[in-house]
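Student: Encoded as structure tokens, here's the structure I'll be asking about.
FYI, it's all coordinate maths here, none of it is from the lab. This structure is a prediction, so every number in the text was calculated from the model and none was measured. Using ideal geometry, Cβ is built from the backbone for each residue, glycine included, and neighbour counts are taken over all protein chains shown.
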Amino acid sequence: MTTHQILVVDDDEAIAWTMARILAAPDRKITNAPSAEEALKRANEIPFDLVFLDIRLPGQDGLAILQALKSLTNNAPIVVMTGHGTLQTAVKAVEEGAFDYLTKPFDLDQALACADRALARRRTAPSFSANSIPAAELPELTGTCPLMQEVFKRIALASVSSATVMITGESGTGKELVARAIHRHGPRKNDPFVPVHVAALNPNLVESELFGHEKGAFTNATHATQGLLSLAGKGILFLDEIAEIPLAVQVKLLRVLEQGTFHPVGSSRELCLEARVIAATHQDLAQRCADNQFRQDLYFRLNVFGIHLPPLRERGNDLELLALEIIRRLDARCLPLPQATLLALTSRQWTGNVRELRNALEHAVILARGGPILPEHLPPPARAEMKNADGLRKAVHQWLDHAIATETEPSDLWARFVGATEPAIIEEVLRRVGGNRLHAAQWLGINRSTLRRKLADGESTVE
């Protein structure tokens, strides 16, 4: 039986002990190293098959020794671990050749599954070049919640690939920013980035806009024009709101993506597609396919690699982090934020997501004139948000009217209300995170142990 040698590099004794315990198996031997220097020493002595590498270590950080570890371990898969992930960190880890990227705290099952995959693909992990220089992050792509950490990892992976990418998410979540980040961190960074808002194109001229046309190809075509596919050159063509592209043009776009060639309207000349295509939409394309409003074959061709941006309301403490970073870049004199302003910000639903937050903060900075931003400096909430809040209050009032009408004396109204609503909240959050209790606890703002106790006590009907 072959014994797999696994190295866990982390200065946190509790994490090192836990990792050693969950990774333990008859065919595995676990070695711990509390520092980068110790890790290099151990790797020089033992032929490791897999490395779990923390980034923040005493002395040298993990990323600084990643390449050296790969060399000493004969290109063994290296799984980077961090509790302070950013887009730049994810990109750097992938560029340096990391096999995967785990954000603390992570589920133990997730780490175990990662180890299984890595050992199964021993010595076959892709080799990435470190030829791109990360630029400064935009504040809108700042975040520490698990959902954004996953976005950062997928941006990093997409950057070093040539696959077609589909970016999904509600309006205002930053889909174009993700596309630009893929461009900025990839090998095409010196080539054009051509953004196209498909819904803004003339429906009758979409084909001409995309593929170009020859003189006389149609009425008013007084001269030949290059299409957007040609203008993008070897760079990236970003098709925003791809769901709006006419069905007739969908067929031709599919053929271009599959064959890598296209013809300008009215021309027999065959041109090669050199650009990489990235698409985005806030609509449910799978449902549009079911409704025969979007071609399923084109959907699959565009969605080779997907990146989903979470709405701001599901990003937990990221809202405060985003607000502080945006204000710092707009006018740092307005910081720090008063507690009342933070409360006003976190109490809103932000149905327009990060775009709405940035617009509101720009409005507030103008009124604050270099001083503290007060709640009254913020613009009024969106109408949809006010309507949703009013609807919730109305439902509570109706429940309360019914409860009081059926009682003859004061009772346990609060306990009954919590008993009726808490299970529904827990159930819905768990459903949205696919049953991941760690992520559910983070979104609910409670400890994981508290959530576990509530589920164990039968306060929720969720299995």
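Student: Leaving out same-chain residues fewer than 8 places away, which lysines sit with a Cα under 22 Å from that of Lys175?
Tutor: Answer for Lys175, where 22 Å is the Cα cut-off: Lys92, Lys153, Lys189, Lys234, listed by chain and number.
Student: With an 8 Å Cα cut-off and a minimum separation of 6 or more residues, compute the relative contact order for the chain in percent.
Tutor: After rounding, I find 11 percent.
Student: Further, regarding this structure: Set the Förster distance to 60 Å, then compute FRET efficiency between Thr261 and Asp12 from the Cβ-Cβ distance, nearest 0.05.
Tutor: Using R0 = 60 Å, I get an efficiency of 0.65.
Student: A further question follows. So if we plug the beta-carbon distance of Val418 and Gln339 into 1/(1 + (r/R0)^6) with R0 = 22 Å, what FRET efficiency do we get, rounded to 0.05?
Tutor: 0.25
Student: Grab the Cα-Cα distance for Arg329 and Ser171, subtract it from 0.36 nm times how many residues apart they are, and report the gain in nm with one decimal.
Tutor: Numbers: separation 158, 0.36 × 158 = 56.88 nm, distance 2.28 nm.
Fully extending the segment from Arg329 to Ser171 adds 54.6 nm.
Student: Can you list the residues of the range 179-216 with backbone N under 17 Å from a point 7 Å past the Cα of Arg269, pointing along Cα to Cβ?
Tutor: 208-216
Student: Just to be sure I understand the model, the point goes 7 Å from the Cα along the line to the Cβ. What's the resulting His84 to Ala199 distance in nm?
Tutor: If labels sit at His84 and Ala199, their model points lie 4.0 nm apart.
Student: Let me ask something additional. So which aspartates and glutamates pass the test for Lys29, namely a Cα distance under 20 Å, with those fewer than 8 places away in the same chain ruled out?
Tutor: Those aspartates and glutamates meeting the cut-off are Asp10, Asp11, Asp12, Glu13, Glu38, Glu45, Asp49, Asp54, Asp109, Asp116.
Student: Shifting gears a bit: Rounded, prolate or oblate: pick one for the range 4-120, where a ≥ b ≥ c are the square roots of the eigenvalues of its C-alpha gyration tensor, a/c under 1.5 means rounded, and failing that, prolate if a/b is larger than b/c, else oblate.
Tutor: rounded
Student: So, one more: Just check the chain against the gyration tensor rule for me: Cα atoms, a ≥ b ≥ c as the square roots of the eigenvalues, rounded for a/c under 1.5, and otherwise prolate or oblate depending on whether a/b exceeds b/c.
Tutor: oblate
Student: Let me ask something else about it. Taking the convex hull of the alpha carbon atoms in the range 314-383, what volume per residue do you get, in Å³? List each step's numbers first, then the result.
Tutor: Values: hull volume 5.4 nm³, N = 70.
Value for the range 314-383: 77 Å³ per residue.
Student: Here's a follow-up. Over the range 222-329, what lengths in whole Å, largest first, do the semi-axes of the equivalent ellipsoid take, defined as the square roots of 5 times the eigenvalues of the alpha-carbon gyration tensor?
Tutor: The equivalent ellipsoid of the range 222-329 has semi-axes of 33, 20, 12 Å.
Student: Label points 7 Å out from Cα along the Cβ direction at Ala68 and Ala24: separation in nm?
Tutor: For the pair Ala68/Ala24, the computed spacing is 3.1 nm.
Student: Treating cross-link reach as a plain straight distance, find the aspartates and glutamates whose alpha-carbon is under 16 Å from the alpha-carbon of Lys394, omitting any fewer than eight places away in the same chain.
Tutor: Of all the aspartates and glutamates, those that pass the test against Lys394 - Cα under 16 Å, at least 8 places apart if same chain - are Glu385.
Student: Rounded to the nearest 20 Debye, what is the dipole magnitude of the chain about its Cα centre when Lys and Arg each give +1 and Asp and Glu each give -1 at the C-beta?
Tutor: Details: 50 positive and 55 negative charges, 198 e Å.
Using Cβ point charges on Lys, Arg, Asp and Glu, the chain gives about 960 debye.
Student: Could you give the nm distance between label points at Gln283 and Arg448, where each point is 7 Å from its Cα heading toward the beta carbon?
Tutor: 4.0 nm
Student: Right, something else. Helix-derived [θ] at 222 nm for the chain: sum -39500 (n - 2.57) over DSSP H runs of at least 4, divide by residue count, nearest 500? Don't jump to the answer; show the numbers that get you there.
Tutor: Values: 19 runs with 212 residues, N = 463.
So the calculated ellipticity at 222 nm is -14000 deg cm²/dmol.
Student: Between the DSSP loop rule and a limit of at most 11 other Cβ atoms within 10 Å, which trypsin sites (Lys or Arg not before Pro) in the range 1-100 are left?
Tutor: none
Student: Residue-wise, which Karplus ³J(HN,Hα) couplings in Hz belong to the range 191-198, taking 6.51 cos²θ - 1.76 cosθ + 1.60, θ = phi - 60°, and x for glycine or proline?
Tutor: Once rounded to whole Hz, the list reads 9, x, 10, 10, x, 10, 8, 4.
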